[in-house]
Every structure is written in structure tokens, then in C-alpha cells.
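Undergrad: Sharing a structure here in C-alpha cells format.
We did not get these values from a lab; they are worked out from the coordinates using the rules stated. Quick caveat: nothing in here was measured; it's all calculated off a predicted structure. We place every Cβ from the backbone using ideal geometry, glycine too, and count neighbours over all the protein chains shown.
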Amino acid sequence: MKEQTIKTFVKNNRKDNNLVFLKIEPIPSSCCCSHCLTELWINVNDEICPQGPIGHEDSKILVLNNEQVILEQHESGPELLAFLTSITAIGNFINFLFSLSVDSFRKRGAVKVKITTGVITTKQKIVSESIKEIELSNSKKEVIDKLKEIIKITKPL
């Protein structure tokens, strides 16, 4: 996560709450930037329009359901950062992003996805982190249901 983006995000939100990050990555690993997964990032940019687009391996502060989040395009996979109080409000966007990512990863030969979730204090220290893997041999609905379970687990941190 770009440090300056986080500082701006925290300063502009005035919330004394921790931040939550959610990241999805393909296994085996492959590049997930907009040059390699063009279709994924075109669809994401269409969804975040007119606030976007998000540039190549860049981050963007977005307003989703009146909550600010950071979306970052990593070579390793998309990542979201939000205040703990925002996770429920952006649930539909998380499902959208992760569903598109799963489709893109499958097309590139991924057999699993790795979901990393965690909490960052407003002083930018990671205080908890969880890594889960989901087999992509399951149906898309099963994969998305498992992703939703992981997000629910993240909420009470």
C-alpha cells in the first residue's frame, strides 16, 4: 500500500478506528496488473467510473456507499483498505471485485486463491493478519460464499 495514500486517507476521514485490508491473489502466482489482466481492470474501472480509472499498479481513494476506501492494483492481486466501520457498507463492491478476480484468475490457470485479511492501526502497524486459501475447483457460487465467510470473519476484529 502506498504510504502517502494511506496518510491522506486517514487524515481526510477523521475516524479513530482501525483499518481493514482485504487482498486476493491467484495460486500459482501470476501478474495481476492491468497489462496482464486487462479485462479485470477494465470492468473494475467501469464500475468505479467516474471516480476512476485506477492507473497501472496504482492506488485510488474511492467513495462507495458514502464510505471511503482505497483500491490498489498490485502485481500480486487487487487490495482494498477501509475503515473497520466501512466493511459492511462496501460488501457489494468486495463481492463484485472478488468475483471478477476469481473469473480472471481461473482463465489464467489459477487453482486456488489466497485471501489475506488484516487490521492496521491508524499508526500503520499491522495488529492482526489472516491468510486463507480457497480451491477454485469448487463452483463459482461456493468460492464466492467462502469469500463472504472470510469477510464476515474480518468484521469483528
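Undergrad: Please give the peptides 57-69, 89-101 ranked by average Cβ packing (other Cβ atoms within 10 Å per residue), highest first, as a rough proxy for protection.
TA: 89-101, 57-69
Undergrad: With label points built 7 Å along Cα→Cβ from the Cα atoms of Asp145 and Ala89, find their separation and express it in nm.
TA: My value for the distance between the label points is 3.0 nm.
Undergrad: How big is the Cα convex hull of region 3-154 in projection, averaged over all directions, in nm²?
TA: Taking the Cα atoms of region 3-154, their convex hull projects to 8.2 nm² on average.
Undergrad: In terms of Cα to Cα distance under 18 Å, which aspartates and glutamates are near enough to Lys112, apart from those fewer than 8 places away along the same chain?
TA: Of all the aspartates and glutamates, those that pass the test against Lys112 - Cα under 18 Å, at least 8 places apart if same chain - are Glu25, Glu75, Glu79, Asp103, Glu133, Glu135, Glu142, Asp145, Glu149.
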